[in-house]
Amino acid sequence: MNGPHDMGGMQCYGPVIPEPNEPLFHASWERDALALTVAMGATGMWNIDQSRSARESLPPLQYMSSSYYQIWLAGMEKLMLERGMVNGDELASGEAKIAPVPVKQSPDRERMRAILAVGASAERPAVGIAQFSPGNQVRAVNRNPQGHTRLPHYIRGKAGTVENICGFHVFPEATALGRQEAGWLYTIAFSAADLFGQGDHTVLVDCWEATLERA
Amino acid sequence: MTSHSHDEDHDHSHLDEMDVRVRALKSLLIAKGYVTEGALDEIVETYETRIGPRNGARVVARAWCDPAYLDRLRADATAAIAELGYGGRQGEHMRIVENSADTHNMVVCTLCSCYPWPVLGLPPVWYKSAPYRSRAVSEPRAVLAEFGVTLPRDVTIRVWDSTAEMRYLVIPTRPDGTQGWSEEKLATLVTRDSMIGTGLALSPEAVA
């Protein structure tokens, strides 16, 4: 969706301000937020694309005024509420009041270690040949899906050069809607001048075949 | 200057609220059987003690020392990084991007905060925040200047927006005056920021 999370090229946010000697967590609740989000993700009740979609579709004012881990928590609560895994009363009180929804797995420590170590590959067996090759001129299609997409607004309608074929990867626009779909993924190189009207650098963006056309 | 402004009071009460809320959430999710204490502890321990930028620094140091390893990184970075025992969540599809005398790479995720966790750990707040996410793609030189890095005009900058599950690790250029250094010593020059592309590797003088 076109929303505040799609920030590439925005000019209004001021300077980058790194915090010297930044701690890993600024409060112990952040530590818990990380652990809860990753652990809940491991229950198999949603995929990473649905998780990103939940975060980026938070109300704009909330998204813009929340810290990173606040966004994670809000997104996770949304995913759980949607699936009836918790209700508002439980979230407010911290007490279980309705029966739990059966989850695909609730890993113990050892299983979680294995899950973290293996990760989750986005590659799938290829179907069909890649339409584009390195060196081809392609254009990012000017499409504006209402749901989750990883096609940033700043490249839509812009032409670039295929830099690399990354592989055949799960397509987030579909998986965010619960549909299993995958496609050829490419790295496309765009000139800053074409994207922003200024700059001498190159911007490389990973794009699925469905979001590209020959230029 | 007041020692405790109204804004700080406001922040404290918001953060106390978060503390209460998250503790309640944690007990709820455990009570419902969705998560286990063990899983939570494992996650925290992994990212607090086992995974961090020292991992990536070892990859870079080895790449500097061992041309055959660098070739393997170029051919299949995920597999080569796994040789050092690093991999898994958010590092399933790695690619190295090499800095040189005429090319400087920077990595960003404009849409959220995608970052190569197995080699760099958890991303810093600035990486996940609006200023970096918005301006790294459009004005990388200005962003680099905010990090105290000025590159000659003839250095090409390549900014990688992590829009898919590919995760990028910058291999900074090896500093001068490090001939004969061990991998372990070289790794001490490799900063986290140099592997994101908002910094350069330290010079020998800096760690002397």
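The values are calculated or read from the model by the stated rules, or taken from the named source; none is laboratory data. All values reported here derive from a predicted model rather than from experimental measurement. All Cβ positions, glycine included, derive from the backbone under ideal geometry; neighbour counts span all protein chains shown.
Scanning the stretch A:163-215 for residues that are over 30 Å from A:Arg83 (Cβ atoms) and touching a Cys at 6+ places or on another chain (Cβ under 9 Å) yields A:Trp184, A:Tyr186, A:Thr187, A:Ile188. Residues in the stretch A:173-215 that are more than 8 Å from every other protein chain (Cβ to nearest Cβ), touching a Lys or Arg at 6+ places or on another chain (Cβ under 8 Å) and crowded, with 21+ Cβ neighbours inside 10 Å: A:Glu173, A:Ala176, A:Phe190, A:Thr211, A:Leu212. Among A:Lys104, A:Lys97, A:Lys78, which is touching a helix residue (DSSP H, G or I) at 6+ places or on another chain (Cβ under 6 Å), more than 8 Å from every other protein chain (Cβ to nearest Cβ) and more than 24 Å from A:Phe25 (Cβ to Cβ)? After ruling out the rest, the residue left standing is A:Lys97. Within the stretch A:117-129, if we keep just the residues that are under 18 Å from A:Ala174 (Cβ atoms) and more than 9 Å from chain B (Cβ to nearest Cβ), the residue that is farthest from the chain's Cα centre (by Cα) turns out to be A:Gly128.
Residues in the stretch A:181-198 that are touching a strand residue (DSSP E or B) at 6+ places or on another chain (Cβ under 8 Å) and more than 16 Å from A:Gly128 (Cα to Cα): A:Thr187, A:Ile188, A:Ala189, A:Phe190, A:Ser191, A:Ala192, A:Asp194, A:Leu195.
Counting only residues that are within 22 Å of A:Ala215 (Cβ to Cβ), under 18 Å from the mean Cα position of the chain (by Cα) and outside any strand (DSSP E or B), the stretch A:163-192 holds 2 of them. In the stretch B:14-56, the qualifying residues are those that are of a type in the set (Gly, Ala, Ser) and in a helix (DSSP H, G or I), and the one that is nearest to B:Arg95 (Cα to Cα) is B:Gly56.
For the residues A:Gly3, A:Gly8, A:Gly84, the requirement of being within 7 Å of another protein chain (Cβ to nearest Cβ), at pLDDT 95 or above and in a loop (DSSP other than H, G, I, E, B) singles out A:Gly8.
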